[in-house]
Amino acid sequence: MAFEDDRVAATWRIGRVYGIPIRLHASLALILPVMAIFFARQIEQVAPQASFVLPALVWGAASAVVLFASVLVHEIAHSVMAVRLGGHVRGITLLFLGGVSELDDVLVPRREALVTLVGPLASLAIGGVLLLGRPLFAGLPIDAQASLQLVGALNLVLGLFNLVPAFPLDGGRLLRAILAMRFGRLSATRIAAFIGKVLALGFAVVGVRWGDVTLLIVCAFVYVGAQREAEGVELDEATFGLRVLDATSRTALTLPAGTSVGAAAASLHGASADSAVVLDAFGRPVGVVGAAALGASPPGVPIGYLPGARAGAIQRDAPLGAALAKLRAAGTRALPVIAATGILVGVIRREDVERVLVRGVTPTVAQREPAAPSKDS
């Protein structure tokens, strides 16, 4: 599947491949049982006369795991190629709709095309091996053979589907990379996003005509993905050359995560502040809580449990666009800004980013100096 710039929440790290963190999203807990049942029914239909060595549902669960393992290979292909071409990959996350390779760097069009293309090629290769290599599996139980055939067929389908020229599929990114060689990244993204939306509407028409719910889901997935990609590139253009520190408020009230809501509200009132940076047990900034969240919470609750209190921090030298993306992904209005050493620099708010985008700002040497946080209350 496509590679994104945003981190995905609610994940668990399970290891590393080529130094790249691999994470599982919570949504897999919902889709894996569904996939297991689907595979079990398909295996029973493909091999109705088989004397199953294991129950069909066990084979279905194994098939679902193998399928997501092949999705992981698809994403690893993206990521390894990106690293070899000079990009930086923050991680790979497996989701219920596939996988996401989190690529930090924007590669030149030819390199982006290579990074994009290797994913579907990996899926097609896996599918071809499992389907064409059937004689190699002749010694396995017939239910195991049926399982491998189904996984192989689905890999072929996924590989071909990912080549559809619509965001957020690999085909949309491949189209964008090709167009960018002639029109530039911004114009290429707009064209590819428009094509993606047209295809999405086509999926919707066919889905309604055939009564196919799956196509309607694909329509929504593609349309939203195309819109999001276009907005992301527009944001990159608007914030080009700007860093988080360019929109950071230097004054920051800090409170330990164990502070009660009542005490935090009093501290904010006394300091005439609208928010406070939350510190964990080690004194590290881990989030921001605002006056509105405090006012809507019981007085005795520790602020560490409030929304935004665990949204994380962002480094002062990160691109400004990354800050806005993280604010949106975390569903919060503010984040603590830290130096490379972890020292608190200040707070960045959505309104700060919007102000910079509307008025513009010229970074100065003075802005690059770290600010001392206010005294803890």
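Structural remarks
- Taking the numbered list (1) over 24 Å from the mean Cα position of the chain (by Cα); (2) touching a residue at least 60 places away in the same chain (Cβ under 8 Å) in turn, Arg173 passes all entries but (1).
- For Met35, the stated conditions hold: it is under 23 Å from Phe161 (Cα atoms) and at pLDDT 60 or above.
- Scope segment 177-192; condition touching a Phe, Trp or Tyr at 6+ places or on another chain (Cβ under 8 Å) and either among the small types (Gly, Ala, Ser) or under 16 Å from Arg111 (Cβ atoms) (or both); matching residues: Ala192
- Within this structure, Leu150 passes the test of being in a helix (DSSP H, G or I), within 25 Å of Phe221 (Cβ to Cβ), at pLDDT below 90 and not hydroxyl-bearing (Ser, Thr, Tyr).
- Against the list (1) surrounded by fewer than 16 Cβ atoms within 10 Å (Cβ to Cβ); (2) out of contact with any Leu (no Cβ under 6 Å at 6 or more places or on another chain), the condition Glu237 fails is (2).
- Qualifying residue in segment 295-311 (condition: closer than 18 Å to Val337 by Cβ and more than 25 Å from the chain's Cα centre (by Cα)): no
- Each residue in segment 301-313 was checked for being crowded, with 23+ Cβ neighbours inside 10 Å and outside any loop (DSSP other than H, G, I, E, B), and 1 pass.
- Boolean, Leu255 is in contact (Cβ under 8 Å) with a residue 40 or more places away in the chain, touching a helix residue (DSSP H, G or I) at 6+ places or on another chain (Cβ under 8 Å), over 25 Å from Leu320 (Cα atoms) and not in a loop (DSSP other than H, G, I, E, B): yes
- Selected residue (criterion: nearest to Val277 (Cα to Cα)) from residues of segment 305-319 that are without any contact (Cβ under 8 Å) to a residue 60 or more places away in the chain and not charged (D, E, K, R): Ala309
- Check on Ser123, over 18 Å from the mean Cα position of the chain (by Cα), more than 30 Å from Ala325 (Cα to Cα) and among the polar types (S, T, N, Q): no
- Of all residues in segment 111-133, one or more are modelled with pLDDT under 85 and surrounded by fewer than 19 Cβ atoms within 10 Å (Cβ to Cβ).
- Restricting segment 52-97 to residues that are in contact with a Gly (Cβ under 8 Å, 6 or more places away or on another chain) and buried (at least 23 other Cβ atoms within 10 Å of the Cβ), the residue that is modelled with the lowest pLDDT: Thr93
- Remark: pairs (first residue in segment 200-229, modelled with pLDDT under 80; second residue hydroxyl-bearing (Ser, Thr, Tyr); Cβ separation under 9 Å; 6+ apart in sequence or on different chains) = Glu229/Thr189.
- The lone exception for Arg134 - which of (1) within 30 Å of Ile178 (Cα to Cα); (2) out of contact with any Pro (no Cβ under 9 Å at 6 or more places or on another chain); (3) basic (Lys, Arg) it fails: (1)
- The lone criterion from (1) buried (at least 20 other Cβ atoms within 10 Å of the Cβ); (2) within 25 Å of Ile22 (Cβ to Cβ); (3) modelled with pLDDT of 85 or more left unmet by Arg176 is number (2).
- Matching residues in segment 256-274 - criterion: being surrounded by fewer than 22 Cβ atoms within 10 Å (Cβ to Cβ) and either modelled with pLDDT under 85 or of a type in the set (A, V, I, L, M) (or both): Ala257, Val261, Ala263, Ala265, Ala266, Leu268, Ala271, Ser272, Ala273, Asp274
The values are calculated or read from the model by the stated rules, or taken from the named source; none is laboratory data. Bear in mind that the values here come from a model prediction, so they are computed numbers and not experimental data. Glycine gets a Cβ as well: all are built from the backbone with ideal geometry, and neighbour counts include every protein chain shown.
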